[in-house]
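Some notes on the structure that comes next.
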Amino acid sequence: MTEEIRGPYRFTVRPRSGELGGWRLRAYETLPNGTELEVHGNVFSASGEDNNTAYEQALAAGHEWLASMPKPEYRDAEHYMLGYVARDATARLGD
């Protein structure tokens, strides 16, 4: 398992269950009120010898996501807050 944290953002790469195989990427953002919200994720399947390749792909995707997130000091910008509201509404729809 891998976890990397940068400010209010973090991602994890964890193995999937034995029969499924591969790796699962989950990316989270800690909101200003302290709530952590899953905002991104993906599954990287592996068959046989490709498990290391799938892990490397999941890790690279996590780093790419982390690099694409705005610096914490810019999180109050209007365009960012519009995305925050949209993600919050989407999260409530999934409940």
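The values are calculated or read from the model by the stated rules, or taken from the named source; none is laboratory data. Small disclaimer: the values here were computed from a predicted structure and weren't measured. For neighbour counting, all protein chains shown are included, and Cβ atoms are generated from backbone atoms with ideal geometry for every residue, glycine included. Accessible surface areas use protein heavy atoms only, side chains included; no ligands, DNA or RNA. Shrake-Rupley method; radii C 1.70, N 1.55, O 1.52, S 1.80 Å.
So, counting K/R as plus one and D/E as minus one, what does the shell of residues with Cβ under 10 Å around Gly22 add up to? Walk me through the numbers before you get to the answer.
Working: positive: Arg16, Arg24; negative: Asp50.
My count for the surroundings of Gly22 gives +1.
Nearest 0.05, what FRET efficiency do Leu20 and Ala67 give at R0 = 25 Å with Cβ-Cβ as r?
The formula returns an efficiency of 0.35 here.
Grab the Cα-Cα distance for Ser47 and Ala60, subtract it from 0.36 nm times how many residues apart they are, and report the gain in nm with one decimal.
Numbers: separation 13, 0.36 × 13 = 4.68 nm, distance 1.88 nm.
Stretched fully, the Ser47-Ala60 segment lengthens by 2.8 nm.
Round to a whole number: what % of the accessible area of region 6-77 belongs to carbon and sulfur, probe 1.4 Å? Can you show the working numbers first?
Details: 2030 of 4320 Å².
Roughly 47 percent of what the probe reaches on region 6-77 is carbon or sulfur.
Calculate, for region 23-72, the solvent-accessible area per residue in square angstrom, rolling a 1.4 angstrom probe over the heavy atoms of the protein chains.
Values: 2950 Å² over 50 residues.
Result: 59 Å² per residue.
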